[in-house]
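Asker: Here it is: the structure, laid out below.
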Amino acid sequence: MQIIENDKVKEKLYIKKLESGLTIMIIPKKNTKRKYVIFGTNYGSVDSKFIIPKEENVTEVPDGVAHFLEHKMFEQEDGTNSLDTLTSLGVSANAYTTTDHTAYLFEATDNFYEALDELMNYIQHPYFTDENVEKEKGIIGQEIMMYDDVPEWKVYLNLMKALYKDNPIKLDIAGKKETISQIDKDILYKCYNTFYHPSNMALVISGDFEPSELLKEIEKRLLPNENKAHVERIYPEEQAEIAQEYIEESIEISTSLFLIGIKDEPQENQEMIKRSIAVEIILRLLIGKSSALFKELYDRDFLQDVPDISYDFSKTYAFVSIGGQSRDSKRVLELLKRDIEKFEQEGINEEDFQRTRKAIYADYIKEYNGVDTIAKMFLRDFFQGINSFDYLEEYESVTKNYVEQVLRDVFRLDKIALSVVRSNLMK
């Protein structure tokens, strides 16, 4: 088992890749009663077109299969539901699907190994029938309809449609009622056998454990499986330009929502880490809670609170997002563009840069306080080809000059789109 230690946070990562290809990561946290497990597969909503190992033909499945699979994994042949079983053990269990991975998790203080038994069992023993698949279509159809009424989800999906012409990130993770109607048990088994192979998965555990003993317990619960070639995924070629500058939709909400997006290009692993740190610094300086722009927008009643800011990326996309509530989102965008140009012309103040960089570093350190944030972070980054410790190491290499270069490269006015969900109650 390889041991990777980071002196900055005084944490150790114990990592081992088994013969089956499964990667196990253990991050011990002494003197905590909480134990957190997350078992994930590098398979998300964008993976609908692929070539199965040892096959030549392209397989294409309906949108929404990854999410559908997540729902169906809990149902067992004996009629039980693994989510109910885990809850009865007193653990908090859940699952989720993103654009690029699917994860199953639980947090426990007691009955840890009983819960681990159940987790490992249901993930390795799928049970799909014509009847239970048809029943799930109705449940997921209701979920899709429910999310159609969630303004935060609507404004996000519309932004993706504005930024991207062909990239499947613009599609709803759950698919549409029309696409899930095409899903059957054969499609589910095909995708399970392709993407839920150990060589495409990782198991991350954080808590008060002795790593070598925990590893033995995990290996006892794994089915024998040979390593195999990685799946070849096929994605449409995306244009560099945005698809459209503005999307607006009106629904019955009390206050209009907006989301500003800036389309970027994905980078190589280490450059992506460095770039994301730089973008976070820029966003905080531009429109964070201590920025002059936020104060101006708040004082003029264009923003009601500090906007949500983020930089999301994977191997197939990267974008900046800035969102919140506003009575005049176009004015927010106009003033944001003004300050982007100002920063580019005048440069970034050295003192502001150093202060913000230190604040971001402190936030990175805080992420290691909780077993849940640690485990989720290491799983997500692993599927990106990143070791989470690298953020702490790359921090030192992010200079003011580098940040100013990223400002010019990423914050381009011709790559900005605005999505608005407007209140139709406002006159």
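Asker: Please find, among 186, 172, 148, the residue that is closer than 18 Å to residue 60 by Cα and open to solvent by 70 Å² or more (accessible area, probe 1.4 Å).
Answerer: Testing whether each residue is closer than 18 Å to residue 60 by Cα and open to solvent by 70 Å² or more (accessible area, probe 1.4 Å) leaves just 186.
Asker: Moving on. Every residue in the stretch 254-297 that is more than 16 Å from residue 360 (Cα to Cα), hydrophobic (A, V, I, L, M, F, W, C) and open to solvent by 10 Å² or more (accessible area, probe 1.4 Å), please.
Answerer: Within the stretch 254-297, 257, 259, 292, 294 meet the criteria.
Asker: Restricting attention to the stretch 298-353, which residues are in a loop (DSSP other than H, G, I, E, B), more than 16 Å from residue 279 (Cα to Cα) and touching an Asp or Glu at 6+ places or on another chain (Cβ under 8 Å)?
Answerer: Of everything in the stretch 298-353, those that are in a loop (DSSP other than H, G, I, E, B), more than 16 Å from residue 279 (Cα to Cα) and touching an Asp or Glu at 6+ places or on another chain (Cβ under 8 Å) turn out to be 302, 315, 316, 327.
Asker: I need a count of the residues in the stretch 4-52 that are surrounded by 21 or more Cβ atoms within 10 Å (Cβ to Cβ), touching a Pro at 6+ places or on another chain (Cβ under 9 Å) and more than 25 Å from residue 220 (Cα to Cα).
Answerer: Total satisfying the criteria: 4.
Asker: Let me ask you something else. Looking at residue 126 and the list (1) touching a Phe, Trp or Tyr at 6+ places or on another chain (Cβ under 8 Å); (2) not in a loop (DSSP other than H, G, I, E, B), which single condition is not satisfied?
Answerer: So the condition that residue 126 fails would be (2).
Asker: Would you check which residues across the stretch 362-378 are without any contact (Cβ under 8 Å) to a residue 40 or more places away in the chain and open to solvent by 50 Å² or more (accessible area, probe 1.4 Å) and list them?
Answerer: 363, 366, 367, 369, 373
Asker: Another one. Write out, first by first residue and then by second, each pair whose Cβ atoms fall under 6 Å of each other, whose residues are 6+ apart or on separate chains, and whose first residue, in the stretch 258-274, is farther than 14 Å from residue 340 by Cβ and modelled with pLDDT under 95 while the second is assigned to a strand (DSSP E or B) and basic (Lys, Arg).
Answerer: Filtered contacts from the stretch 258-274: no entries.
Asker: Exactly one condition in (1) more than 14 Å from residue 375 (Cβ to Cβ); (2) not in a loop (DSSP other than H, G, I, E, B) is false for residue 90; which is it?
Answerer: Status for residue 90: all satisfied but (2).
Asker: Failed condition for residue 55, given (1) farther than 24 Å from residue 107 by Cα; (2) open to solvent by less than 30 Å² (accessible area, probe 1.4 Å), with all others met?
Answerer: (2)
Asker: Quick check on my filter: what residues within the stretch 50-76 are assigned to a helix (DSSP H, G or I), out of contact with any strand residue (DSSP E or B) (no Cβ under 6 Å at 6 or more places or on another chain) and closer than 10 Å to residue 188 by Cα?
Answerer: 65, 68, 69, 72
Asker: Sticking with this one: Would you check if residue 8 is assigned to a loop (DSSP other than H, G, I, E, B), basic (Lys, Arg) and within 30 Å of residue 84 (Cβ to Cβ)?
Answerer: Details: assigned to a loop (DSSP other than H, G, I, E, B): yes; basic (Lys, Arg): yes; within 30 Å of residue 84 (Cβ to Cβ): no.
In short, no.
Asker: Of the conditions (1) more than 20 Å from residue 402 (Cα to Cα); (2) out of contact with any Ser or Thr (no Cβ under 6 Å at 6 or more places or on another chain), residue 351 satisfies every one except a single condition; which number is it?
Answerer: Condition not satisfied by residue 351: (1).
Asker: Give all pairs with beta carbons closer than 8 Å in which a residue from the stretch 173-190 that is closer than 20 Å to residue 157 by Cβ meets a residue that is open to solvent by 70 Å² or more (accessible area, probe 1.4 Å) and modelled with pLDDT under 95; count only pairs at least 6 apart in sequence or on separate chains.
Answerer: 174/147; 177/145
Asker: Among the residues of the stretch 297-328, write down those that are of a type in the set (D, E, K, R) and touching a residue at least 40 places away in the same chain (Cβ under 8 Å).
Answerer: Hits for the stretch 297-328 are 315, 327.
Asker: Here is a further query. Kindly evaluate residue 326 against the criterion of being in contact with a Ser or Thr (Cβ under 8 Å, 6 or more places away or on another chain), open to solvent by less than 20 Å² (accessible area, probe 1.4 Å) and modelled with pLDDT under 95.
Answerer: Against the criterion (in contact with a Ser or Thr (Cβ under 8 Å, 6 or more places away or on another chain), open to solvent by less than 20 Å² (accessible area, probe 1.4 Å) and modelled with pLDDT under 95), residue 326 qualifies.
Asker: Identify, by number, the condition in (1) under 22 Å from residue 3 (Cβ atoms); (2) in contact (Cβ under 8 Å) with a residue 12 or more places away in the chain that residue 199 doesn't meet.
Answerer: Every listed condition holds for residue 199 apart from (1).
Asker: Now, a different point. For residue 80, work out the one condition from (1) over 20 Å from residue 389 (Cβ atoms); (2) of a type in the set (Val, Ile, Thr); (3) at pLDDT 95 or above it doesn't fulfil.
Answerer: (3)
Asker: Further, regarding this structure: Based on what the data block shows, is residue 131 assigned to a helix (DSSP H, G or I), acidic (Asp, Glu), open to solvent by 30 Å² or more (accessible area, probe 1.4 Å) and over 18 Å from residue 63 (Cβ atoms)?
Answerer: Spelling it out, residue 131 is indeed assigned to a helix (DSSP H, G or I), acidic (Asp, Glu), open to solvent by 30 Å² or more (accessible area, probe 1.4 Å) and over 18 Å from residue 63 (Cβ atoms).
The values are calculated or read from the model by the stated rules, or taken from the named source; none is laboratory data. Being a predicted model, the structure only gives us computed values, none of them experimental. Using ideal geometry, Cβ is built from the backbone for each residue, glycine included, and neighbour counts are taken over all protein chains shown. Heads up: the accessible areas ignore ligands, DNA and RNA and are worked out on the full protein's heavy atoms, side chains in. Shrake-Rupley method; radii C 1.70, N 1.55, O 1.52, S 1.80 Å.
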